[in-house]
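The values are calculated or read from the model by the stated rules, or taken from the named source; none is laboratory data. Because the structure is predicted, anything quoted here is derived from the model rather than measured. Cβ atoms come from the backbone with ideal geometry, glycine included; neighbour counts cover every protein chain shown. Heads up: the accessible areas ignore ligands, DNA and RNA and are worked out on the full protein's heavy atoms, side chains in. Shrake-Rupley method; radii C 1.70, N 1.55, O 1.52, S 1.80 Å.
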Amino acid sequence: LKASPVTDVHVFGRRGPAQVKFTPLELRELSHSRDVDIVLYPEDFEFDEASDEAIRTNNQVKTMVGTLANWIAEGPEGPSEARASRRLHLHFLHSPVEIYDSPEAPGRVAGIRFERMELDGTGNVRGTGEFEDYPVQAVYRAIGYHGSELAELEYDVHRGVIPNDGGRVLDAEG
């Protein structure tokens, strides 16, 4: 990204800060990125009983939540207050619903619609029925490390995915 004109990258997670799947080391490495502000949003910091239990009983979760909470207290709250030339926005409790294009440029991504999520008391999430649109110029999917095979569906072992065309599941004949 050094030579890129990209100034803002947004990362969205379906769950809350206590359920993140990256490690404290990965989070710490983010804080050492030069000329990059980490932008967090206080409204994304929701905790339920399962979150509180994980924070009390799991040192990794406690470290992660503590680090993120410190970043909220120390850092810019939005792009207008940013100090660096680039920003990494971390959003929690957002589930993607639709990638949409522009009427002026059909086929070219213009934004993503997310449903706002809430924790259900067990550490899982449910939709709230509230939707937010974010204008974007590019979308990169990064979900998990490798897909899992389901007995009733075709599976591409080499790519670790269920064969699909734009998210629509394909059978053996395509």
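Applying the criterion of being closer than 18 Å to Y140 by Cβ and either in contact (Cβ under 8 Å) with a residue 60 or more places away in the chain or part of a helix (DSSP H, G or I) (or both) to the residues of segment 22-57, the residue that is least open to solvent (accessible area, probe 1.4 Å) is L30.
For G127, the criteria (1) assigned to a loop (DSSP other than H, G, I, E, B); (2) out of contact with any Phe, Trp or Tyr (no Cβ under 8 Å at 6 or more places or on another chain); (3) without any contact (Cβ under 8 Å) to a residue 40 or more places away in the chain; (4) not acidic (D, E) hold in every case but one, which is (1). Among the residues of segment 102-146, those identified as closer than 25 Å to F45 by Cβ and among the acidic types (D, E) are E115, E118, D120, E130, E132, D133.
Taking the criterion of being closer than 12 Å to L88 by Cβ and either part of a loop (DSSP other than H, G, I, E, B) or not charged (D, E, K, R) (or both), the residues of segment 1-11 that qualify are L1, V6, T7, V9, H10, V11.
Name the residue that is surrounded by the most Cβ atoms within 10 Å (Cβ to Cβ), counting only residues in segment 130-174 that are among the charged types (D, E, K, R) and in a loop (DSSP other than H, G, I, E, B). Result: E154. Among all residues of segment 83-99, there is at least one that is under 23 Å from Y134 (Cβ atoms), in the same structural domain as L119 (by the TED database) and modelled with pLDDT under 85.
Look at (1) modelled with pLDDT of 85 or more; (2) among the small types (G, A, S); (3) farther than 24 Å from E130 by Cα; (4) buried (at least 16 other Cβ atoms within 10 Å of the Cβ) and you find that G107 fails only one, number (4). Only one of the numbered conditions (1) exposed (fewer than 12 other Cβ atoms within 10 Å of the Cβ); (2) touching a residue at least 40 places away in the same chain (Cβ under 8 Å) is violated by A18, and that is (1).
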